């Protein structure tokens with residue numbers, strides 16, 4: 001997979017037995033995980049696109065813990081070798097990944113497979129209610145060359 005510069009992905013390994021499974025999502029001794037700010041979950045229902053948003057300070061650390069999702073990213077850093085590049089990542093129960101999203105990368109996701117998704121995010125910063133480090137564009141913004149419709153092929 002051809003990734004955006006600075007984007008990091010770690011495969012996660014569920015430990016399965018007859019009772020179910022345990023899967024680590026974040027560990028402070030993994031090089032991909034830099035700092036703990038807070039943790040939260042976000043849910044997306046089928047057919048809903050939650051995009052676009054970006055942070056200028058925080059790094060996001062996302063794991064899709066329920067269902068399967070398409071995560072799309074677009075590099076907004078003019079000095080990056082991958083400026084304006086778009087990357088798709090499919091993650092969730094069928095492909096457990098930790099995705100580390102650096103600042104100034106537009107990103108968003110949608111549920112795939114006809115059921116809701118639950119995404120766990122552990123960003124490096126606390127949410128600042130008075131001055132949020134969050135910037136938004138509509139999912140169909142012309143600033144990002146991406147079509148969220150299903151690709152048949």
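Observations, loosely collected:
- Flag for residue 130 being under 15 Å from the mean Cα position of the chain (by Cα) and free of Cβ contacts under 8 Å to residues at least 24 places away in the same chain: no
- The sole residue among 113, 67 that is more than 11 Å from the chain's Cα centre (by Cα) and surrounded by fewer than 20 Cβ atoms within 10 Å (Cβ to Cβ) is 113.
- Among the residues of segment 116-131, those that are more than 23 Å from residue 91 (Cα to Cα) and either in contact with a strand residue (DSSP E or B) (Cβ under 8 Å, 6 or more places away or on another chain) or surrounded by 10 or more Cβ atoms within 10 Å (Cβ to Cβ) (or both) comprise 125, 126, 127, 128.
- Sole exception among (1) more than 13 Å from the chain's Cα centre (by Cα); (2) surrounded by fewer than 17 Cβ atoms within 10 Å (Cβ to Cβ); (3) more than 18 Å from residue 134 (Cβ to Cβ) for residue 88, by number: (1)
- Residue within segment 71-78 that is in contact with a strand residue (DSSP E or B) (Cβ under 6 Å, 6 or more places away or on another chain) and without any contact (Cβ under 8 Å) to a residue 60 or more places away in the chain present: yes
- In the set (1) at positive phi; (2) touching a strand residue (DSSP E or B) at 6+ places or on another chain (Cβ under 7 Å), the condition left unmet by residue 11 is number (1).
Computed from the coordinates by the stated procedures, all read-outs in this text should not be read as laboratory data. Just so we're clear, the structure is a prediction, and the values are computed from it rather than from any experiment. With ideal geometry, Cβ positions are generated from the backbone for all residues, glycine too; neighbour counts draw on all protein chains shown.
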